[in-house]
Amino acid sequence: MTAASILATPARFPRLLLPATPAQDPLDLDAALAAGAFASLRSAVDEPRAGGVIDALVESGMRGRGSGGFPIGEKWRACARTEADRRFVVINAYQADPAVLTDRVLLETNPYAVIEGAAIAAFAVGASEVVVALRAEAADTIQAVETAVTAAEAAGCIGGDVLGSGAEIHFSIKPLQGSYLLGEETVLLKGLEGRRGQPEQQPPYSTTRGLFGAPTLIHGPQTFAAVPTILSGGIAGFPETGAQAFAGTILIQISGAVARPGIAEVPFGVTIQEILDVAGGVPSPHKVKALLVGGPSGGILPPESLSVGFDHDSLETAGAQVGSGSIVVIDQHTCVVDLAAVLTRYCADQACGKTIPCRIGLRRLAEIGARICEGQPRADEIARLTDLSADIVGSALCDHERRATLALLSVVRYFRDELDAHIVRNTCPAGVCQPKAAARARPVG
Amino acid sequence: MSFVPGLGIAKGMALTLRRFFEPKATIQYPETAPDIAVRFRGRLQLLYDELGNLKCETCFQCAQACPVECIDMGGFDTMGRFHVHWGAPEQYAERREKSALRRSGRPVPDPAYSHFDPVDTAVVEGILEKYDFDPRQMLAILESIQRTYGYLPVAALKRVSQVSGAPYALIYGTGTYYSHLRFEKPGHIVAVCLCTSCLVAGSSRIAGTLARELGTEIGRGSAAGRVDLKQLPSHVPGATSPLVTLDGKPQPVTATGVAAWARALAGRSLT
């Protein structure tokens with residue numbers, strides 16, 4: 001089992017993804033069937049109306065849990081309507097953020113919900129192959145998914161004759177490793193094709209031209225796991241569980257200066273303060289200085305943002321992103337300028353090298369951050385930083401480079417005092433950077 | 001200085017006036033398409049930067065894109081490895097090999113080039129057969145080759161190219177992109193976790209110190225027997241931050257003690 005604690009949430013937070021009471025053995029198919037697994041797949045198979053499942057999803061207004069937040073019903077419809085003799089469904093469980101384990105925990109504690117959701121998707125769009133892309137390092141998760149797929153195949157829920165309907169849905173498990181960017185969907189498809197992982201221009205979207213050129217439906221496991229609940233729990237009830245435009249719940253990994261770091265399932269739209277309360281709040285003498293929301297390419301938000309709702313639109317407005325679904329609480333001992341410089345450098349190092357704004361622009365951005373931390377800023381450093389960031393965002397090919405600018409931009413936006421202390425006064429209020437020492441060492445002329 | 005004042009300017013204006021009525025060479029592209037032969041591909045040229053260094057970093061993209069495989073490459077990639085490209089059909093292997101080496105300006109015995117002789121490539125065909133000689137399984141094929149040899153010998157990749165028909169550039173591209181695939185025999189592997197929690201705990205400074213002390217960089221290959229510095233793919237569940245591992249085992253390394261730790265490690269493993 002992946003070692004990560006699942007936090008208890010208040011009763012008003014519904015559980016749609018993780019089981020409310022942990023099952024004795026999550027891989028026991030008989031127990032899962034008794035609890036209602038594959039019931040939605042059966043009703044989807046028995047649905048007399050063609051495209052009924054897709055219509056239900058469009059009505060539910062559900063959006064993907066990934067950083068894009070695209071309405072999934074539309075995606076399924078586009079995939080189903082594209083003329084092709086072969087289609088794929090891909091479960092993107094790669095989870096590139098090295099600190100986040102939410103998808104792994106979901107696949108280990110509730111594997112049949114993900115398998116059922118993917119099978120419904122395959123049935124709805126007419127795909128006969130489902131590919132589960134996982135991190136090769138997550139041996140426990142791979143083992144769990146293999147066991148679950150084998151059991152579901154033996155019981156006839158998936159495989160050559162899905163629930164007696166004659167449809168074929170075959171699952172294959174592909175462990176991948178070796179690149180941060182594999183979390184991006186077009187890069188993941190390249191990895192599955194055995195090629196170097198570089199993103200592709202979109203459109204054409206993967207729903208019309210994806211894996212091996214065939215229409216491909218690609219979602220994270222959290223999205224697939226929610227599908228059976230939408231279809232069985234009634235369309236009407238689903239949007240009420242989250243913020244208006246973002247139906248449903250999401251898994252969040254909370255770490256940093258909180259009492260109980262771990263994974264929590266929360267409805268979209270709850271405030272960050274409520275999420276921190278789930279993790280036991282911030283114990284003294286720690287104080288919330290900043291919040292890193294969205295993983296390595298996320299934004300650094302000030303304590304005032306504790307009232308911001310956790311959903312795609314609100315976070316985007318605040319200067320962060322849902323991203324990998326991680327919140328790191330940063331206390332007063334951390335320098336946000338240093339952190340932003342380090343994160344930008346990290347993102348620059350992960351670049352695949354395909355586009356110039358990413359390969360060179362992010363590197364220059366990281367250098368600006370490093371110069372500020374070392375006490376050697378050039379004139380107009382902040383103007384250069386915002387200009388360059390705007391250029392990168394404007395000419396970016398994939399979301400990695402667009403989001404990588406968030407860290408430094410959010411520091412410019414929210415932590416101007418601390419930034420000015422570095423640039424103007426050559427001091428680091430948190431005492432992390434040593435700008436003065438570096439400034440003295442600078443050669444004259 | 002002419003004897004008649006204003007003669008020079010009159011001459012110049014006369015030329016301008018004459019050109020004004022001549023046919024124009026400018027074409028309003030893209031409204032008007034230029035008249036170019038269909039097989040014309042321009043002139044191949046290697047560019048130098050302002051410091052006089054060759055800008056080509058031997059990425060093999062041009063060799064991979066060349067429709068008639070007339071581009072041969074030989075040179076050092078960004079990892080300091082020497083590579084030669086051959087196209088898929090190997091009929092002209094001899095000529096390509098010689099010409100590529102000659103043009104690269106390198107003497108033939110080269111540390112990276114010596115990958116070629118000692119490796120028995122018979123096992124490669126077994127691996128390829130398992131994957132149905134399918135270039136779309138290239139990642140799995142390369143991982144399988146690495147499991148067999150411990151690294152990716154260039155001779156084995158060349159054999160894969162020859163047997164499966166996949167261009168060497170494509171195989172090389174996949175092989176160099178993924179950080180778990182390597183072209184050198186492995187030594188000790190020191191890995192630093194750079195997850196958000198570890199970054200907050202100062203792991204990027206630790207990585208910098210390690211790079212300095214071990215004389216390498218994250219992801220850069222090192223000579224056989226030395227210490228490889230890598231980035232940990234994901235945080236070991238339950239381990240404390242900052243996290244540094246040696247051959248997969250977490251080490252008690254702190255920001256202050258990392259320099260001494262790295263020096264001791266380098267001293268041990270270099271003897």
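Computed from the coordinates by the stated procedures, all read-outs in this text should not be read as laboratory data. Just so it is clear, the structure is predicted and the values come from calculations on it, not from any experiment. When we count neighbours, we look across all protein chains shown, and the Cβ atoms used for this are built from the backbone with ideal geometry, even at glycine.
Could you quote the convex hull projected area for segment A:56-137, Cα atoms only and averaged over all directions, in nm²? Before the final figure, lay out the partial values.
On the way: hull surface 24.5 nm².
Averaging across all directions leaves 6.1 nm² for the Cα convex hull.
Please list, by residue number, every one of the chymotrypsin sites (Phe, Trp or Tyr not before Pro) in segment B:1-65 that is coil in DSSP and has at most 13 other beta-carbon atoms within 10 Å. Intermediate results must be reported in sequence, preceding the final value.
On the way: sites: B:Phe3, B:Phe20, B:Phe21, B:Phe40, B:Tyr48, B:Phe60; in loops: B:Phe3, B:Phe21, B:Phe40, B:Phe60.
Answer in residue order: B:Phe3, B:Phe21, B:Phe40.
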Can you give the mean number of other chain Cβ atoms that lie within 10 Å of the Cβ atoms in peptide A:100-109?
1
Fewest-first ranking of A:Thr223, B:Thr26, B:Thr16, B:Thr216, using other Cβ atoms within 10 Å as the exposure measure:
B:Thr26, B:Thr16, B:Thr216, A:Thr223
Okay, helix-only estimate at 222 nm for chain A: each DSSP H run of n ≥ 4 adds -39500 (n - 2.57), divide by all residues, round to 500 deg cm²/dmol; what do you get?
-11500 deg cm²/dmol
In the structure displayed, which of A:Lys190/B:Lys230; A:Lys75/A:Lys190; B:Lys24/B:Lys55; B:Lys158/B:Lys185 lie more than 26 Å apart, Cα to Cα?
B:Lys24/B:Lys55
Semi-axes of the equivalent ellipsoid of segment A:83-124: what are they in whole Å, largest first, if each equals the square root of 5 times a C-alpha gyration tensor eigenvalue?
25, 14, 5
Centroid-to-centroid separation of segment B:27-43 and segment A:304-339 [C-alpha atoms, Å]:
51
Could you bin all the Cα-Cα distances of segment B:126-271 into 10 Å bins starting at 0 and give me the percent of pairs in each, rounded to whole numbers?
11, 36, 26, 19, 7, 0
Beyond 13 Å, what percent of the Cα pairs of segment A:339-395 remain?
57
Please state, as a whole number in µm²/s, the translational diffusion coefficient that the Stokes-Einstein equation yields for segment A:260-384 at 20 °C and 1.002 mPa s, with Rh defined as the Kirkwood radius across alpha carbon pairs.
135
In whole angstrom, how far apart do the alpha carbon centroids of segment A:158-186 and segment A:53-107 sit?
13
Let me test this: with uniform point scatterers at the alpha carbons of segment A:114-185, what is the Debye-based log₁₀ I(q)/I(0) at q = 0.14, 0.21 1/Å?
-0.47, -0.90
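Neighbouring Cβ atoms within 10 Å as the yardstick, rank B:Ile9, B:Ile189, A:Ile72 fewest first.
Details: B:Ile9 10, B:Ile189 15, A:Ile72 25.
Ascending Cβ contact count within 10 Å gives the list B:Ile9, B:Ile189, A:Ile72.
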Would you mind giving the average projected area, over all directions, of the Cα convex hull of segment B:134-213 in nm² with one decimal?
6.7
Computed P(r) (all Cα pairs; chain A; 20 Å bins; percent):
25, 54, 18, 2, 0
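Grab the eigenvalues of the alpha-carbon gyration tensor for segment A:1-99, scale each by 5, take roots, and send me the semi-axes largest first in whole angstrom. Let's see the in-between values first.
Numbers: eigenvalues 162, 81, 49 Å².
Square roots of five times the eigenvalues give 28, 20, 16 Å.
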Send over the per residue convex hull volume for segment B:1-59, Cα only, as a whole number of Å³.
227
